[in-house]
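Enquirer: Shown below is the structure under consideration.
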Amino acid sequence: EHWANGHKKKCKRIARAGGAEPYHADLKFKEAAAQAVERCAAELPADAICYVCRCDASTEGIVRGCACRGTAGLVHLSCLTKKARVEAEDSLGRAGTVGSWMGCGLCDGSWYGPVMIAMGWACWKTYLGRPE
């Protein structure tokens, strides 16, 4: 597929992304995020608001992939990944936690379904280039 569908164009996109691994991780995250938003759309209320940024779903889809009920746990996937990244970073000399990548901070439930897959790819994408 790579050679038949424009080798030069694809290689330029891969190089701009920082290499094959970051390109692939970003692509897989975008696919997983789109699937998560699509699968969650049917079960969300029409007036859903993200609990992180307090915005509605007009600019970006809202998901819920945990055990929260009602309006709790409704969140944009981008807000969720930013929140997880911030919580996982070292803060004031203390070690951060990776818990937000694995589960909800509100209900303490693990992510499930397409949200779990999207969060896994987001985590991989975030820490891909870091030394061990």
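The values are calculated or read from the model by the stated rules, or taken from the named source; none is laboratory data. These numbers come from a predicted model, not from an experiment. Ligands, DNA and RNA are excluded from the accessible area calculation, which covers all protein heavy atoms including side chains. Shrake-Rupley method; radii C 1.70, N 1.55, O 1.52, S 1.80 Å.
Enquirer: Rounded to whole Hz and in sequence order, give me ³J(HN,Hα) for the range 103-112 from the Karplus expression 6.51 cos²θ - 1.76 cosθ + 1.60, θ = phi - 60°, writing x for Gly and Pro.
Expert: My calculation for the range 103-112 gives x, 6, x, 8, 9, 6, x, 6, 5, 9 Hz in order.
Enquirer: Under the rule of -39500 (n - 2.57) per DSSP H run of 4 or more residues, summed and divided by the residues of the chain, what mean residue ellipticity at 222 nm is obtained, to the nearest 500 deg cm²/dmol?
Expert: Dividing the helical sum by the residues of the chain leaves -15500 deg cm²/dmol.
Enquirer: Which shape class, rounded, prolate or oblate, goes with the chain when its Cα gyration tensor gives a ≥ b ≥ c as root eigenvalues, a/c under 1.5 marks rounded, and past that a/b bigger than b/c marks prolate?
Expert: Verdict is oblate for the chain.
Enquirer: In addition: What is the percent carbon and sulfur in the accessible area of the chain, measuring with a 1.4 Å probe over the protein chains and ignoring ligands?
Expert: Heavy-atom surface of the chain belonging to carbon and sulfur, 1.4 Å probe: 56 percent.
Enquirer: Just to confirm, what accessible area per residue do you get for the chain at 1.4 Å probe, in whole Å²?
Expert: Ligands and nucleic acids excluded, the figure is 64 Å² per residue.
Enquirer: Further question: Starting from the Cα of Lys125, draw a straight line to each of the aspartates and glutamates and keep only those under 12 Å, dropping any in the same chain fewer than 8 residues away.
Expert: Glu21, Asp26
Enquirer: At 1.4 Å probe size, what's the solvent-accessible area of Arg85? Round to the nearest 10 Å².
Expert: Solvent-accessible area, nearest 10 Å²: 90 Å².
Enquirer: Something else now. Step through the table entries Lys12/Lys83; Lys10/Lys83; Lys9/Lys30; Lys8/Lys82, compare each Cα-Cα distance with 23 Å, and write down the pairs that go over it.
Expert: Lys12/Lys83; Lys10/Lys83; Lys8/Lys82
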